Amino acid sequence: MSAEQEFADYLRSKPALEPFLQALKHRFEQAGVWRGKIVLEDCSPALQEAMAELLGGSYWGQSTITVTAGQWRKALSKTRFEDCDLGQTLSLVFGQKIESRKTLRQLQLQLNQERFQQVLEREGDSPAGLWLRWLKQEQGALYTSCCNETTETLCKFAEAFNALPMRRHQVELTSVFAGRVLQDPHALDQGRVKRLLVQALRWQLLQEGNRDVSKADSWILEQGGLFRDQVSNRCLTYGLTGILSEGTEHPGWAGFVKQGEPFSATLINILEVKQIRSEARLVILENPSVFEHLASVLKGDSSHAVSLLCSEGQPAQCVWQLLQRLDRRTVQIWYCGDFDPEGLQMAQRMLDQVPGLKLWHYTVQDYDKAISEKHFDERRRRILESCTHEGLAQIRDRMMESLRCGYQEKLLEDYLQWDLE
């Protein structure tokens with residue numbers, strides 16, 4: 001018989017010790033060791049006698065007994081139980097494994113990491129596997145958080161991340177995608193699977209050089225090809241014609257071009273066509289008011305061979321889908337926008353993602369013409385600092401000096417020169 005078993009048998013033989021043993025068990029579960037002191041209140045004569053026998057000395061008549069860890073060790077040092085393992089002894093006393101919270105956390109972490117590793121090995125070099133491997137290498141808080149997820153959650157995330165529509169250069173309604181891939185149309189409305197999907201997608205976009213990964217979850221999911229709906233995702237066009245798969249003009253797109261009218265193209269409209277044709281020069285604008293003015297001028301004078309596209313602020317997915325379908329063989333794309341942190345950020349995205357794009361009236365001299373009395377704050381200044389494209393460096397530095405915004409509306413007369421060379 002082990003010393004721990006013998007000691008446990010002795011302690012169980014003294015029922016009066018139950019309050020002390022419960023307090024000792026609680027202390028061990030909290031810290032894994034016994035430090036400090038245990039205070040027993042309302043001690044019965046039987047408990048007083050049992051404590052005196054266990055520790056030596058006299059507790060007779062003491063309704064409150066205070067026992068320190070030092071007293072405990074000193075008392076046991078005079079017995080054959082001196083080297084007994086406290087956790088093992090308590091486990092034998094109570095007939096169940098007694099572990100400290102720290103030990104339980106470590107055991108749970110080990111189990112969680114093993115579960116995570118199983119999913120990681122199953123995923124291999126899939127997109128989800130690459131992200132999970134990166135998490136493990138980083139060993140950060142996000143890794144620990146993911147280890148705490150259930151196998152079901154991790155597997156559902158992996159299925160969704162690997163099957164994102166962007167991997168097929170397509171888009172899909174979020175509810176339809178969730179129903180098809182996860183068998184639950186509401187699986188990505190909220191919850192842990194959606195959270196993991198957004199976090200992994202932010203990481204992938206960052207790896208691909210996208211600097212806008214701090215944007216809202218809905219925007220991140222759009223980059224993955226998932227949309228709440230395709231009707232509200234739209235942009236303004238002028239002089240752009242949609243071409244169907246059989247090579248004929250889409251009658252809706254063609255009708256607006258024929259009438260010389262702007263067309264508010266939704267993502268549905270853009271996905272309906274295989275190709276989009278433009279005049280020889282396509283100008284991408286940020287502001288609807290500038291777009292409207294230039295479109296009205298072009299309607300009265302078609303000699304400029306210019307088409308227009310307006311993102312109405314930061315470009316939604318429909319803008320990128322439209323540009324992907326654009327017949328680039330005979331078209332030069334230009335961009336002009338506001339001179340504020342968000343406008344410069346948009347210009348950077350355009351330069352990064354549209355090969356061959358040129359800036360139009362987007363120089364330091366143009367900024368000085370467009371400058372206003374409106375200042376931007378420190379938060380927006382940090383956005384400006386993130387604009388690192390070499391083609392925007394001079395404008396960024398000038399804006400950092402003045403801390404003022406400039407707006408397209410002040411450059412209308414310059415735009416009307418149509419000096420797109």
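The values are calculated or read from the model by the stated rules, or taken from the named source; none is laboratory data. Remember, it's a predicted structure, so these values are computed and weren't measured experimentally. Glycine gets a Cβ as well: all are built from the backbone with ideal geometry, and neighbour counts include every protein chain shown.
Summary of computed values
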{"quantity": "Residue selected from segment 291-327 under the condition within 34 Å of the chain's Cα centre (by Cα) and assigned to a loop (DSSP other than H, G, I, E, B), by the criterion surrounded by the most Cβ atoms within 10 Å (Cβ to Cβ)", "calculated": "SER311"}
{"quantity": "Test for ARG277: is it assigned by TED's automatic domain parsing to the domain that holds LYS358, more than 14 Å from GLN321 (Cα to Cα) and surrounded by 14 or more Cβ atoms within 10 Å (Cβ to Cβ)", "calculated": "no"}
{"quantity": "Filter result (outside any helix (DSSP H, G or I) and modelled with pLDDT under 90) within segment 328-353", "calculated": "ARG328, ARG329, THR330"}
{"quantity": "Odd one out for PHE7 among (1) within 16 Å of SER91 (Cα to Cα); (2) modelled with pLDDT of 90 or more; (3) surrounded by 12 or more Cβ atoms within 10 Å (Cβ to Cβ)", "calculated": "(2)"}
{"quantity": "Conditions (1) surrounded by fewer than 20 Cβ atoms within 10 Å (Cβ to Cβ); (2) assigned to a loop (DSSP other than H, G, I, E, B): number failed by ALA187", "calculated": "(1)"}
{"quantity": "Residue match in segment 177-184 (condition: in a loop (DSSP other than H, G, I, E, B) and either within 18 Å of ALA158 (Cβ to Cβ) or without any contact (Cβ under 8 Å) to a residue 60 or more places away in the chain (or both))", "calculated": "yes"}
{"quantity": "Whichever residue in segment 28-73 is surrounded by 14 or more Cβ atoms within 10 Å (Cβ to Cβ) and small (Gly, Ala, Ser) and, among such residues, is nearest to LEU11 (Cα to Cα)", "calculated": "ALA50"}
{"quantity": "Test result for VAL67, modelled with pLDDT of 90 or more, over 30 Å from TYR143 (Cβ atoms) and touching a strand residue (DSSP E or B) at 6+ places or on another chain (Cβ under 8 Å)", "calculated": "no"}
